[in-house]
Amino acid sequence: MNHLSKTRALVWCLILLTALLLPILYAEEPAFESELFKTGTLLYTDDFDGEFNRDFWETRTKSWEITDGTLVGKPDYDNAEEAMAALNRDHHLGMSPVIRLNQLPEKFVLHMRLKYEGTKFSLNRPKFDIGHHINLLAFTETGYTLALYDGEVFKGEAPEVKLNEWFDVVLEFEEGRMFIKVNGVGQTIEHEQVSLQGHSELTFKTFEDTPNRILFDSVRLWSAE
């Protein structure tokens with residue numbers, strides 16, 4: 001290869017490299033949208049196409065991994081008998097995948113897309129806790145119920161909340177009020193019981209019996225002002 005050919009090859013390599021890097025270097029930050037807040041600072045965004053971010057996620061059962069752009073949690077054992085034999089106990093068997101999203105600021109906006117696998121909805125399952133064991137958000141055939149830590153309960157209707165299908169959740173929070181939107185339908189809840197009680201986390205739980213995986217394919221978390 002002569003000098004001119006080498007130069008041309010180098011130029012084409014640089015053009016190709018630039019074309020590959022530009023979308024990464026200039027990727028637009030997810031737009032901040034909120035019902036409760038005017039501005040926000042993006043803290044964490046994930047489409048699960050890279051390594052598992054353990055700075056924000058804390059696995060409470062063992063079988064969590066990123067597969068094909070999806071964070072997937074499944075039971076640790078095939079059945080309860082196998083789990084009891086392996087763990088030498090009859091409780092906390094890891095048959096229901098559990099994971100926490102940590103580092104929630106005092107005021108936050110969260111957008112996420114998730115899926116719960118199962119055969120039918122049951123009492124308080126599937127769900128996630130807003131603050132560990134503080135506020136319980138459980139999904140139902142018609143939407144969701146929100147039970148606050150001292151007993152107040154709110155219901156919300158949402159279209160197309162189905163097991164084994166993806167749905168979108170928006171959660172905006174500050175002490176005394178929160179905004180919840182599921183599949184495009186939202187409501188603001190203002191109540192003195194709306195609090196994290198010092199637990200800056202969401203804890204996701206589902207059924208004990210298979211099929212019972214939890215799947216996430218996008219998460220966006222902002223600190224709100």
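Data for the structure
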{"quantity": "Test result for G186, surrounded by fewer than 19 Cβ atoms within 10 Å (Cβ to Cβ), at pLDDT below 95 and either in contact with a Cys (Cβ under 6 Å, 6 or more places away or on another chain) or small (G, A, S) (or both)", "calculated": "no"}
{"quantity": "Restricting segment 160-173 to residues that are in contact with a Lys or Arg (Cβ under 9 Å, 6 or more places away or on another chain) and buried (at least 18 other Cβ atoms within 10 Å of the Cβ), the residue that is nearest to R125 (Cα to Cα)", "calculated": "L163"}
{"quantity": "Strands (runs of 3 or more DSSP E) within segment 1-81 that include 1 or more residues surrounded by 12 or more Cβ atoms within 10 Å (Cβ to Cβ), touching a Gly at 6+ places or on another chain (Cβ under 9 Å) and at pLDDT 95 or above", "calculated": "57-59, 64-67"}
{"quantity": "Filter pass, R177 being under 23 Å from E65 (Cβ atoms), in contact (Cβ under 8 Å) with a residue 24 or more places away in the chain and charged (D, E, K, R)", "calculated": "no"}
{"quantity": "Residue among F128, F154 that alone is within 16 Å of the chain's Cα centre (by Cα), surrounded by 15 or more Cβ atoms within 10 Å (Cβ to Cβ), modelled with pLDDT of 95 or more and part of a strand (DSSP E or B)", "calculated": "F128"}
{"quantity": "Selected residue (criterion: nearest to T203 (Cα to Cα)) from residues of segment 82-117 that are among the small types (G, A, S) and not in a loop (DSSP other than H, G, I, E, B)", "calculated": "A83"}
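The values are calculated or read from the model by the stated rules, or taken from the named source; none is laboratory data. Given the structure is predicted, the values throughout are model-derived calculations rather than measurements. Backbone-built Cβ (ideal geometry, glycine too); neighbour counts: all protein chains shown.
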